[in-house]
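The values are calculated or read from the model by the stated rules, or taken from the named source; none is laboratory data. Quantities reported herein were computed from a predicted structural model and do not represent experimental measurements. For neighbour counting, all protein chains shown are included, and Cβ atoms are generated from backbone atoms with ideal geometry for every residue, glycine included.
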């Protein structure tokens, strides 16, 4: 997929303060239309807060964020139509069928949902009439993606989507994210799994203590490190334990 | 605007459907008030006539006294406790309040003294705590004896008194109780429902997820209000059906006006639940506040006992609680047959509360 250089999200000097502490200390970055942009960092680095400010869930204490030409702080209600949000641990009201939940979400945008098409895309068509509480963790994540896309958003935010999933479910989710990207949706994802960032992201920003400490493609970041003369102590194996695990247990989804 | 209302309708449809899948919620909104209805219906149900629970000790073996005993046992005015055969049991039962008084027919009661007609003197025994029942019983017996006396001895009675019952049916205790019970059901549905549900929705981040969509608070409130009104009207339909068939509740008012007023009441009280549940971050914040708000209404608005039994100052004060005009209004429409135009003060007071409650609810609502 050819990446455009058209900026869909422009963040300048974005800041957030909790009490006396600055959680996000003035960060700037651009996200291009149609790419998968990763925000990496340890816990408490400010990844989620950054996302929540752009998602209009938290007030912006300083700086600006412009999404598809719309200023987030000035027109939060317009922003909501442009974005789809997958929160850290998705949960939905119980005793409601998957199709009904999709109808609810679509209705929130004043739209009608093509429930079966959406469920088919995330491989949950056979669960259409099940309640959400009967889904496994991986299924819930997949359903959550469908729910976030009911209104055809331009930008899709995922906050640590694979935390707590088994390797099969993780890989399946990566595929889904790539499918969403292939439809032309820009994806912004936070994670603290480096392998995930390496597989999925076209470019990544590394955050630490409320600041961006590096921003580039995963390849370039690795190259820069090697150029500095960095060497791993051990010789890199051609496979790792996860490859063994997948080889032994197969790629098929377990849910 | 049309689109925004469509959003509300979809939420109403799906969430109402969801409510009927929730057995626990169904129990608390439908079965719970029904249980209360049977309890209070049994306590305050319409009793056909006043009846005395009496012990009857017959020490005479005359034919007359035998007849008298069997008449008493058939009587609707008296309920004869057959376990009482001697004075000792009678005394214990009276002390416990199980019977109101004891009638003793002494030896020789009903014998024909001079071969003309039977005569005798019955004795009524009662305890201090039953003085009123005892003296009323004496009067009732006296009246019965006088009627009997007339059969044997003819005497002129210059002054007599007759009574006549007016056809108009006054309000019974049950009419008050039933309106109060509907009030109780409104509180359960409108306050305890959201107060339990909202903190849970927040804890799981469900409201937060909705917050990322363009859904407005007023749309969320409105859809909740409509769906609760539907559930509430159905519940109350069941309560009315049972009250009418089992407890002979006589509804004279217009059903449509009643339904409109009930829906208005439900939505107003729901505002309290939305305010508390919408404000609270978790159950620990919600529960105590809900209790503080609910208890005064539960005891002072006429839910469990009618307000007319309260001291006057308390009646004046409790008249302004939000639930009071709702309960009064329900009773006025249902059992007094008043129209909406005739209960202006009640509707006005509910409307004022509606504005206050929802102004607060919108202000304090938090999505997480």
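Here are some notes:
- Matching entry among B:242, B:252 (being at pLDDT below 95 and either at positive phi or part of a helix (DSSP H, G or I) (or both)): B:242
- Selection from the range A:68-78 of residues that are within 20 Å of the chain's Cα centre (by Cα) and either over 18 Å from residue B:211 (Cα atoms) or facing chain B (nearest Cβ under 9 Å) (or both): A:68
- Screening the range A:91-115 for residues that are in a loop (DSSP other than H, G, I, E, B) and more than 7 Å from chain B (Cβ to nearest Cβ) and picking the one that is surrounded by the most Cβ atoms within 10 Å (Cβ to Cβ) gives A:113.
- Residue ranges of helices (runs of 4 or more DSSP H) in the range B:257-360 with at least 1 members touching a residue at least 60 places away in the same chain (Cβ under 8 Å) and surrounded by fewer than 19 Cβ atoms within 10 Å (Cβ to Cβ): B:283-300
- Check on residue A:57, within 24 Å of residue B:7 (Cβ to Cβ) and assigned to a loop (DSSP other than H, G, I, E, B): yes
- Top-ranked residue of the range B:97-155 - restricted to ones that are under 15 Å from residue B:64 (Cβ atoms) and touching a helix residue (DSSP H, G or I) at 6+ places or on another chain (Cβ under 6 Å), ranked as surrounded by the most Cβ atoms within 10 Å (Cβ to Cβ): B:105
- Checked against (1) closer than 20 Å to residue B:59 by Cβ; (2) in contact with a helix residue (DSSP H, G or I) (Cβ under 8 Å, 6 or more places away or on another chain); (3) touching a residue at least 40 places away in the same chain (Cβ under 8 Å), residue B:77 meets all criteria but (1).
- Output for the range A:33-78, where each listed residue is touching a strand residue (DSSP E or B) at 6+ places or on another chain (Cβ under 6 Å), without any contact (Cβ under 8 Å) to a residue 24 or more places away in the chain and surrounded by 18 or more Cβ atoms within 10 Å (Cβ to Cβ): A:72
- Meets criteria (assigned to a helix (DSSP H, G or I), surrounded by fewer than 22 Cβ atoms within 10 Å (Cβ to Cβ), out of contact with any strand residue (DSSP E or B) (no Cβ under 7 Å at 6 or more places or on another chain) and within 13 Å of chain A (Cβ to nearest Cβ)) for residue B:210: yes
- Of all residues assigned to the range B:30-52, at least one qualifies as being part of a strand (DSSP E or B) and crowded, with 19+ Cβ neighbours inside 10 Å.
- Test: residue A:84 is closer than 30 Å to residue B:5 by Cα, within 10 Å of chain B (Cβ to nearest Cβ), assigned to a loop (DSSP other than H, G, I, E, B) and touching a helix residue (DSSP H, G or I) at 6+ places or on another chain (Cβ under 7 Å): no
- Unmet requirement for residue B:24, which otherwise passes all of (1) in contact (Cβ under 8 Å) with a residue 60 or more places away in the chain; (2) within 14 Å of another protein chain (Cβ to nearest Cβ); (3) surrounded by fewer than 18 Cβ atoms within 10 Å (Cβ to Cβ): (1)
- Hits in the range B:195-207 (condition: closer than 16 Å to residue A:102 by Cα and more than 9 Å from every other protein chain (Cβ to nearest Cβ)): B:207
- Among the residues of the range A:154-165, those identified as at pLDDT below 95 and in a loop (DSSP other than H, G, I, E, B) are A:160, A:161, A:162, A:163, A:164, A:165.
- Taken over the range A:132-153, the residue count meeting the criterion of being outside any helix (DSSP H, G or I) and under 21 Å from residue A:48 (Cα atoms) is 2.
- Among the candidates B:179, B:225, the residue that is surrounded by 15 or more Cβ atoms within 10 Å (Cβ to Cβ), more than 14 Å from every other protein chain (Cβ to nearest Cβ) and closer than 30 Å to residue A:78 by Cβ is uniquely B:225.
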